[in-house]
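Participant: First the structure, which I've put down as structure tokens, then a few questions once you've had a look.
The values are calculated or read from the model by the stated rules, or taken from the named source; none is laboratory data. Computed from a prediction, not measured in an experiment: that's the story for all the values here. All Cβ positions, even for glycine, are placed from backbone atoms using ideal geometry, and neighbour counts span all protein chains on display.
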Amino acid sequence: MGLIERFFSEQMEQKEQETPIKRVFIELGAGHRPLPTEGDKTFSENDIYVGVDMDEERLKKGRSETQKGEKSSEKQNMYFVRGDATKLPLGSGISDEIFLRNILGDPGITQEIKDGFLNEAGRIAKDNGRLIIEETYTPRRLKEVRDILRQHGFIVERVEKISEKHSPFPDWDESFTYRVFAQKRPAKTKALFS
């Protein structure tokens with residue numbers, strides 16, 4: 001068990017003793033504009049938020065922006081970790097929700113790296129945990145996203161339209177930006193009868 005994994009394990013055990021944890025929320029690629037600064041996702045004092053990004057400067061800026069807007073009780077449960085989202089320093093099956101923003105449609109990110117993100121999301125998600133994908137820059141066709149998620153053990157629950165396309169990029173696949181909610185399929189169980 002790595003240092004960061006041990007730290008979070010100890011923090012979660014301590015938090016469970018103090019007050020029960022409602023959910024563990026992990027944002028991959030949190031960067032300088034993590035979800036808590038957006039305002040459309042709320043976190044209670046019993047939630048744990050972990051923002052992961054490879055760029056230390058972007059994480060520092062994101063941490064600073066988050067601390068400006070959140071109540072002090074919520075800040076205690078927010079962690080920012082420098083790490084590779086294709087090899088996360090986190091335990092398996094720990095997260096209730098995982099958030100990815102502008103990853104699947106980004107032409108600058110190879111499919112191999114995108115698969116690494118999704119493999120790790122599948123590993124750290126609890127059974128029936130939720131993966132939320134937001135594509136606002138260069139969204140892929142929704143059918144492709146559904147197929148990719150299925151390959152990585154997720155089932156699409158619903159899609160929310162965020163806005164109409166208003167970008168100068170002529171190569172967008174969809175005419176609107178979207179947020180996809182998918183659920184991790186539980187591990188397969190053995191059949192009762194063969």
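Participant: So Lys114 clears everything in (1) buried (at least 19 other Cβ atoms within 10 Å of the Cβ); (2) at pLDDT 90 or above; (3) in contact with a strand residue (DSSP E or B) (Cβ under 8 Å, 6 or more places away or on another chain) except one condition, right? Which one?
Facilitator: All conditions are met except number (3).
Participant: Of all residues being of a type in the set (A, V, I, L, M) and touching a helix residue (DSSP H, G or I) at 6+ places or on another chain (Cβ under 8 Å) in the range 117-154, which is surrounded by the most Cβ atoms within 10 Å (Cβ to Cβ)? Just the residue, please.
Facilitator: Ile133
Participant: If you don't mind, another one. Here is a list of conditions, (1) farther than 23 Å from Glu157 by Cβ; (2) modelled with pLDDT of 85 or more, and Leu100 meets all of them except one; can you say which number that is?
Facilitator: Answer for Leu100: the failing condition is (1).
Participant: Pairs needed: first member in the range 133-152, charged (D, E, K, R); second member anywhere, part of a loop (DSSP other than H, G, I, E, B) and crowded, with 19+ Cβ neighbours inside 10 Å; C-beta distance under 7 Å; at least 6 residues apart or different chains.
Facilitator: Partner pairs satisfying both residue conditions: Glu135/Leu104; Glu135/Gly105; Arg140/Leu104; Arg140/Gly105.
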